[in-house]
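Everything below concerns the one structure shown next.
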């Protein structure tokens, strides 16, 4: 089955700097790659997703890139703010999401004021 | 996006008992899923809840321990049976929302269970 590796497990950046979280996946048939933000005591919130027919997608300060050949995708957050502090999860699915998601282990992002 | 409501939001359960978690969506969805998130860990898919038929379970999860119902396109339940402290987790309902576009997966706020 699918295996998703996520790095780093913890990332500390200064407010205003950029943060990058990287994930690799094992199944070349995967075609849907969402990112979730989970704040303490809450469920995962979808922040951005990308499908295999696209190489990059951007939404304001958040962007995701996908390299199908290398089987990795990354989350980029620019101009980080204190409210960006949370745990971020990447995920992958072979069925466009309809087959369920395989998650990475998560990255605890800490924004230092 | 679809609004997903889960009940209970939190509960403390006695060892050996069973608890049923409800998931209600404000619109019809084709796919509903149940995930488990153990303390400080990532999310693991338990099963896909199929409308009108038996759920499809992932490796390591069985129907006797986690019976699931899905009587219609907006509602599902997950029961955690004969609970032990190892079952202390967040249980999350997830849906595929077709209202915006296909294959967008959203989660509820979760049901936080502590087994004592």
So which residue, out of B:29, B:80, B:95, gets the largest mean-square fluctuation from a GNM of chain B using Cα contacts under 10 Å as springs? B:29
Can you give the Rg and Dmax of chain B based on its C-alpha atoms, in angstrom? 13.5, 42
Using a Gaussian network model of chain A with C-alpha springs under 10 Å, which one of A:24, A:69, A:78 is most mobile by mean-square fluctuation? A:69
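Could you tell me what percent of the DSSP beta bridges with both partners in chain B are antiparallel, to the nearest 5? The partial results should precede the final answer.
On the way: 34 of 38 bridges.
Percent antiparallel among DSSP bridges in chain B is about 90.
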Highest mean first, what order results for B:47-57, A:102-112 on Cβ atoms within 10 Å? A:102-112, B:47-57
Ratio to report: Rg/Rh of the protein assembly as shown, with Cα atoms as the point set and Rh obtained by the Kirkwood method; give two decimals. 0.97
Would you report the distance distribution of C-alpha pairs in region A:1-87 as whole percents per 5 angstrom bin, up to the bin with the largest distance? 3, 13, 25, 25, 20, 10, 4, 1
Go ahead and set up a Gaussian network model of chain B, Cα springs under 10 Å, then flag whichever of B:63, B:90, B:21 fluctuates most. B:63
Using the alpha-carbon centroid of each, what span in Å lies between region A:63-77 and region A:1-53? 9 Å
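Every number here is computed from the coordinates shown, using simple stated rules; none is lab data. Note that the structure is predicted; figures quoted are calculated from it, not measured. Counting neighbours? That spans all protein chains shown, and the Cβs are built from the backbone with ideal geometry, glycine included.
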